[in-house]
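Below is one structure, written out as structure tokens; the observations come after it.
The values are calculated or read from the model by the stated rules, or taken from the named source; none is laboratory data. Computed from a predicted model, the values in this text were never measured in an experiment. All Cβ positions, glycine included, derive from the backbone under ideal geometry; neighbour counts span all protein chains shown. Please note that ligands, DNA and RNA were not included when accessible areas were found on the heavy atoms of the full protein model with its side chains. Shrake-Rupley method; radii C 1.70, N 1.55, O 1.52, S 1.80 Å.
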Amino acid sequence: MKAVKFERLTKRFGDLVAIDNVNLEIEEGEIYGFLGPNGAGKSTAINIICGLLKIDSGKVYVMERDIKREPDFAKMNIGVVPQDIAIYGELSAYENVSFFASLYGLKGRELKESVDMALEFVGLQDKANWMANKFSGGMKRRLNIACAIAHKPKIIILDEPTVGIDPQSRNHILESVKKLNEMGSTVIYTSHYMEEVEAICTKISIIDHGKIIAEGTKEELKSIITDTNTVMITVTSVANIDENKLKAINGVKSIDIDENTVKIVSYRDVSNLDKIIHYFTSDGIAIKNIETQTPDLETVFLTLTGRKLRD
Amino acid sequence: MRNTFILVKNTLKLFFRRKGNLIYILLSVLIPFVVLTMNLSGTSKLTIGVINNDTGILSKDLANSFKDSQKFEVVNIDKSNLDKYVTKGNIDFAIIFPKDFSKNVIEDKPLKVQIVSIKGKEVALAVKSYVDEYISNLKYLSISSNGDSSTFYKMYQEYEKNALIKLGEYTVKDKSVINDIMTRSVGMFIMFLMLGTSRIAELMLQEKRDKTYSRIYAAPVKSIVYALSNFIVNMIVTLFQIGLIMLLLAVFLKLPFDKSFLEIFVILVVFGISAIGLSMLIVAFSDSTAQSGGLSTLIITPSCMLGGAFWPIEVMPKVFQKVSYFMPQRWAIDAITKIEGATSSSDVLLNIFILLAFALTFILIASYKMKMSNKTADFV
Ligand SMILES: Nc1ncnc2c1ncn2[C@@H]1O[C@H](COP(=O)(O)OP(=O)(O)OP(=O)(O)O)[C@@H](O)[C@H]1O
Ligand SMILES: [Mg+2]
């Protein structure tokens with residue numbers, strides 16, 4: 001089952017093309033990441049899925065049903081955590097969650113239990129009766145999440161839920177997202193923090209200027225720019241190293257010796273680190289340090305767009 | 001349906017939790033009521049400025065008869081000072097007797113007594129009918145005396161002694177004062193009512209600004225349901241204000257629960273609906289709270305002025321008087337005046353009808369505009 005599907009989707013704001021003829025498929029059960037710089041079109045894509053923005057052309061399906069034909073079906077199955085905190089400062093945490101959950105048809109005991117559960121999930125159960133405007137930024141972010149999950153949606157969309165909060169709250173949120181996914185929800189997560197996306201997403205698409213410029217698991221994305229791994233081995237002396245013996249090891253592509261460091265580039269699909277280390281130890285060369293260099297998504301982004309994710 | 005109820009409940013909660021709103025709603029009822037009762041208990045004497053160009057004594061006697069009634073203060077003023085007196089508020093109205101007043105009464109010739117009022121039509125009318133009645137009584141004397149002044153005065157002295165008609169007991173003037181105070185208080189209440197409705201309608205713009213609006217639309221809620229719930233909240237608050245002021249009137253001023261009472265209530269309610277319609281219209285045409293706040297003050301205060309909420313329509317220039325027909329306030333106040341004057345209720349029915357037409361027009365334009373912008377615009 002496809003949780004979300006775009007078919008040649010385009011969205012314009014005047015002359016600006018915010019989503020440019022995009023095709024996309026998000027499988028059920030995935031934690032799907034939208035990674036892209038400011039203004040890439042992440043929030044626009046999300047607001048379209050939620051039925052908050054009109055589509056200029058193309059089609060969007062939620063749980064394989066056209067959202068234009070059945071907007072309420074899509075809305076019932078989605079819980080969205082908007083990028084801008086959207087809660088009522090004059091209501092308590094409990095009242096906020098309860099109000100939004102009741103719009104999805106929850107009532108009575110079921111409502112109460114769902115609200116309690118949602119607040120507990122984000123760790124605000126102790127502060128259920130606090131007015132939201134008394135909350136810190138991080139607590140507001142967490143309440144913002146609670147308001148989106150109480151009605152137990154099949155798809156949970158989080159639009160930069162960790163902006164402007166302390167590392168502790170951030171970790172709490174990332175853990176929560178993983179837990180929600182384990183509990184059976186498909187998660188769509190946007191961010192321009194590469195570490196977050198790398199840490200939790202099972203599939204990522206890199207978005208820039210309203211277009212998906214690359215899509216895949218993080219390994220797949222990294223292999224786009226390179227099919228090799230680099231190991232840097234620092235030794236006490238390079239005098240006794242036999243380059244030919246190293247080159248003979250399966251998978252090794254090239255060797256480069258520089259002062260006391262040996263740089264060995266291997267093909268990515270071969271794991272040969274143990275053999276390389278074995279060579280050094282068996283030839284009696286003392287290893288001082290081993291460093292492996294794998295490209296991160298930042299590098300991927302830089303390579304694909306020629307720009308950094310964040311300035 | 002259920003979502004409408006949920007939204008109404010939430011909006012009411014938000015409105016009354018926001019600082020000052022509850023106080024505002026209570027004051028909007030209490031201030032006009034206190035102003036009303038204070039003015040009534042003050043039994044304020046009306047001050048008449050008399051400009052007497054008459055050489056005879058009849059005009060003096062007439063003026064003095066006002067004094068005798070204990071309800072009026074009489075001061076003699078000069079015509080050249082009239083404007084000054086009026087603008088300073090030293091006098092409530094003026095009576096100008098023409099040069100040959102006494103002579104013309106005796107000879108039964110047409111009279112031109114001029115009454116200048118700044119307190120409104122009701123007082124002027126009451127005073128005028130008082131003067132008319134006084135003169136028409138003298139008419140009998142003039143007819144009987146056949147225009148002969150010495151016969152007239154002889155009879156006049158007898159007439160005075162026997163006081164065939166005790167002019168001081170004329171009752172209309174008391175009521176007219178009350179009516180005038182009542183009208184001004186209603187005018188004030190009406191303005192507060194309008195400002196209150198725009199506060200509630202503006203909650204929609206605040207929700208847009210705070211993004212809770214898009215969160216509501218991310219749930220299965222139709223935009224019409226949202227607008228309807230705001231209307232219902234506005235209706236509840238407006239009914240509360242009207243109900244409270246009617247209750248105060250009934251309890252403290254002992255206004256009887258009769259047909260007039262019901263009519264005043266109905267007039268205020270239909271006016272309230274048109275005010276809500278107007279506030280939704282303002283919100284539909286503005287896209288920020290700052291803008292709608294500006295529009296509200298730009299529309300509500302001047303239209304209250306033009307509609308006669310602050311002063312009688314008659315004191316305004318003719319052009320403005322004509323414009324006032326396009327203000328719902330005018331029709332509400334006009335109806336209240338009619339009810340107090342105890343005219344037949346079919347007249348008020350016309351006012352109710354016109355106010356309903358205003359309400360319908362405002363609401364239709366507002367919903368059309370909202371529908372159009374929802375069709376083309378986005379919810380975030
Ligand atoms: N309502 C709107 N009207 C006009 N332009 C808009 C509107 N919403 C978004 N845009 C523009 O569309 C582009 C995409 O915006 P979007 O908010 O989707 O970016 P984003 O990827 O979410 O960025 P960020 O990381 O800053 O949240 C931007 O250039 C933005 O200025
Ligand atoms: Mg965004």
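Data for the structure
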| read-out | value |
| --- | --- |
| Residues (open to solvent by 20 Å² or more (accessible area, probe 1.4 Å) and either under 21 Å from A:M1 (Cβ atoms) or away from ligand 1 (no atom under 13 Å from the Cβ) (or both)) located in region A:177-199 | A:K178, A:K179, A:N181, A:E182, A:M183, A:G184, A:E195, A:E198, A:A199 |
| Filter result for B:I236 (closer than 30 Å to B:M1 by Cα and either surrounded by fewer than 23 Cβ atoms within 10 Å (Cβ to Cβ) or free of Cβ contacts under 8 Å to residues at least 60 places away in the same chain (or both)) | yes |
| Number of the condition not met by A:I155 [criteria: (1) closer than 20 Å to B:T212 by Cβ; (2) in contact (Cβ under 8 Å) with a residue 60 or more places away in the chain; (3) open to solvent by less than 10 Å² (accessible area, probe 1.4 Å)] | (1) |
| Residue in region A:31-48 that is farthest from the other protein chains (Cβ to nearest Cβ), counting only those that are more than 8 Å from ligand 1 (Cβ to nearest atom) and within 24 Å of A:D72 (Cβ to Cβ) | A:Y32 |
| Subset tally (residues that are more than 17 Å from B:V315 (Cβ to Cβ) and not β-branched (V, I, T)) for region B:69-115 | 24 |
| Residue count for region A:82-98, restricted to those that are closer than 24 Å to A:T186 by Cα and either open to solvent by 10 Å² or more (accessible area, probe 1.4 Å) or within 16 Å of ligand 1 (Cβ to nearest atom) (or both) | 7 |
| Output for region B:49-81, where each listed residue is touching a strand residue (DSSP E or B) at 6+ places or on another chain (Cβ under 6 Å), open to solvent by less than 70 Å² (accessible area, probe 1.4 Å) and assigned to a helix (DSSP H, G or I) | B:S59, B:A63, B:F66 |
| Which listed residue is open to solvent by less than 10 Å² (accessible area, probe 1.4 Å), more than 12 Å from ligand 1 (Cβ to nearest atom) and within 11 Å of another protein chain (Cβ to nearest Cβ), from A:G79, A:G51 | A:G79 |
| Residues (within 14 Å of ligand 1 (Cβ to nearest atom) and surrounded by fewer than 16 Cβ atoms within 10 Å (Cβ to Cβ)) located in region A:6-19 | A:R12, A:F13, A:G14, A:D15, A:L16 |
| Helices (runs of 4 or more DSSP H) within region A:31-141 that include 3 or more residues under 26 Å from A:I200 (Cα atoms) and within 16 Å of ligand 2 (Cβ to nearest atom) | A:42-49 |
| Cβ-Cβ under 6 Å pairs, at least 6 apart or on other chains, region B:1-27 side at the interface with chain A (Cβ under 10 Å from one of its Cβ atoms), far side open to solvent by 80 Å² or more (accessible area, probe 1.4 Å) | B:F16/B:L22 |
| Unique residue being open to solvent by less than 30 Å² (accessible area, probe 1.4 Å), away from chain A (no Cβ under 14 Å) and in contact with a helix residue (DSSP H, G or I) (Cβ under 9 Å, 6 or more places away or on another chain) when the list is B:L278, B:L255 | B:L278 |
